[in-house]
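Trainee: I have a structure here, written as structure tokens, and I will follow up with some questions on it.
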Amino acid sequence: MNYQLHGGNYEMLETELDFSANINPLGIPDNIRAAVISSADKWGEYPDPYCRELCKRLSKYEDIAAENIVCGNGASDIIYRIVQALRPHKAVICAPSFGEYKKALIETGCEIHEHFLLEENDFFMTEPFLDELEADIDIAFICTPNNPTGALICPQLMKKVAEQCLKKNIILISDECFLDFAENSQLYTMKNFMNENIIILKAFTKIFAIPGLRLGYGLFGSSETAEKIRNSGQFWSVSAPAQAAGIAAFNKSAAISGAVKLIAEEREYLSGELASFGFRVYPSEANFILFKSRYPLYEMLLREKILIRSCAGYSGLGENYFRIAVRTHGENIRLIEAIRRILNG
């Protein structure tokens, strides 16, 4: 079986339910959909390469200077631009975690050290990560909530990591693309410990269910570093409809609060049901759940026309690990009933 690097490959398969991609199950907010459609008159023009209006709105929302914000063609675009522009010689990443960090680093010939998160700690990052942050490290990637585990990093450890990276002159990238789904998310952002060596990655893709539009951004502690990244990569990286979607997204408090409430309730339901089957379910504060099963559930559920994410390709995991998105209650019930049918023969 050829497991893909990402979820959301349903177009390649005969499926009716996609639990492989971690997107807001409430779908695209109406105002964002309307803004994208209304932007059609601008599609015959080149988009603003600097996303000035969008950065102005982000500056007010994030309480950070516009010159310290860089928008891109999804958060992954920012990852590749950071690595290409800074050309680190040695990096530390966690395992398991999002695969694009490693892929981007490999493409520039960077030496990579993987810090393995331990199953006995439910894959939470713990104090030993600090030991990885030595003077020969140029760049470090962390992810909170981590993908695919859904585990948050405790604020006390985040503070220590930020201080250690500043002391050792390590560029620290904190990927917070799923943080909007966590309750009390403001307590878990690296913004609370911002310094000149920190870059925070965020995305509109997940919380606003617009992966096809590709829109993400980086918050930089250093305007000089932000300028380097802004001048890297393709010139027109964010399309006109994507910029229109981002500008419209700032009327978003109701959309986010509704999604967070739904995700919390459904995550608890799914975790309980999966545990009742004897699966090991790992704690998550994101819109997805990692669990472990001795059954080949990817193939078994595919026969039921349900797509989940195999984690066989994640460093630090294996073929017995699976990730599912948290979706609407009706969809979640269908998934649980399908698993029950499979296990009961």
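The values are calculated or read from the model by the stated rules, or taken from the named source; none is laboratory data. Keep in mind that what you see is a predicted model, and the values were worked out from it rather than measured. No Cβ is skipped: glycine too gets one built from the backbone with ideal geometry, and neighbour counts run over all protein chains shown.
Trainee: Taking residue 266 as the residue in question, decide whether it is of a type in the set (Asp, Glu) and buried (at least 19 other Cβ atoms within 10 Å of the Cβ).
Mentor: Values: of a type in the set (Asp, Glu): yes; buried (at least 19 other Cβ atoms within 10 Å of the Cβ): yes.
The answer is yes for residue 266.
Trainee: Quick check on this structure: which one of 73, 68 is more than 19 Å from the chain's Cα centre (by Cα) and buried (at least 20 other Cβ atoms within 10 Å of the Cβ)? Even if it seems obvious, please write down each step before you answer.
Mentor: Working: 73 fails: more than 19 Å from the chain's Cα centre (by Cα).
From the options 73, 68, the qualifying one is 68.
Trainee: Criterion first (in the same structural domain as residue 96 (by TED's automatic domain parsing) and either small (Gly, Ala, Ser) or crowded, with 22+ Cβ neighbours inside 10 Å (or both)) does residue 240 satisfy it?
Mentor: Working: in the same structural domain as residue 96 (by TED's automatic domain parsing): yes; either small (Gly, Ala, Ser) or crowded, with 22+ Cβ neighbours inside 10 Å (or both): yes.
Against the criterion (in the same structural domain as residue 96 (by TED's automatic domain parsing) and either small (Gly, Ala, Ser) or crowded, with 22+ Cβ neighbours inside 10 Å (or both)), residue 240 qualifies.
Trainee: Suppose the filter is in contact with a strand residue (DSSP E or B) (Cβ under 8 Å, 6 or more places away or on another chain), surrounded by fewer than 17 Cβ atoms within 10 Å (Cβ to Cβ), under 30 Å from residue 208 (Cα atoms) and polar (S, T, N, Q); does residue 59 pass it? Walk me through it before giving the result.
Mentor: On the way: in contact with a strand residue (DSSP E or B) (Cβ under 8 Å, 6 or more places away or on another chain): yes; surrounded by fewer than 17 Cβ atoms within 10 Å (Cβ to Cβ): yes; under 30 Å from residue 208 (Cα atoms): yes; polar (S, T, N, Q): yes.
Considered against the rule, which asks whether it is in contact with a strand residue (DSSP E or B) (Cβ under 8 Å, 6 or more places away or on another chain), surrounded by fewer than 17 Cβ atoms within 10 Å (Cβ to Cβ), under 30 Å from residue 208 (Cα atoms) and polar (S, T, N, Q), residue 59 comes out as yes.
Trainee: With (1) closer than 21 Å to residue 285 by Cβ; (2) assigned to a helix (DSSP H, G or I) as the list, and residue 228 as the residue in question, which single condition is left unmet?
Mentor: Condition not satisfied by residue 228: (1).
Trainee: Continuing with this model, one more query. So the check is Cβ under 6 Å with 6+ separation or different chains; which pairs have a first residue in the stretch 304-322 that's outside any loop (DSSP other than H, G, I, E, B) and a second one that's among the aliphatic types (A, V, I, L, M)?
Mentor: If the second residue must be among the aliphatic types (A, V, I, L, M), the pairs left are 306/17; 306/338; 322/297; 322/308.
Trainee: I would also like to ask the following. Using the structure shown, decide if residue 222 is modelled with pLDDT of 95 or more and either within 17 Å of residue 60 (Cβ to Cβ) or surrounded by fewer than 21 Cβ atoms within 10 Å (Cβ to Cβ) (or both).
Mentor: On the way: modelled with pLDDT of 95 or more: yes; either within 17 Å of residue 60 (Cβ to Cβ) or surrounded by fewer than 21 Cβ atoms within 10 Å (Cβ to Cβ) (or both): yes.
When the stated conditions are applied, residue 222 passes them.
Residues are listed down the side, and each one gets a yes or a no for (1) closer than 16 Å to residue 129 by Cβ; (2) out of contact with any strand residue (DSSP E or B) (no Cβ under 7 Å at 6 or more places or on another chain); (3) in contact (Cβ under 8 Å) with a residue 60 or more places away in the chain:
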residue: 153; (1), (2), (3): yes, no, no
residue: 163; (1), (2), (3): yes, yes, no
residue: 178; (1), (2), (3): no, yes, yes
residue: 198; (1), (2), (3): yes, no, no
residue: 202; (1), (2), (3): no, no, yes
residue: 206; (1), (2), (3): no, yes, yes
residue: 221; (1), (2), (3): no, no, yes
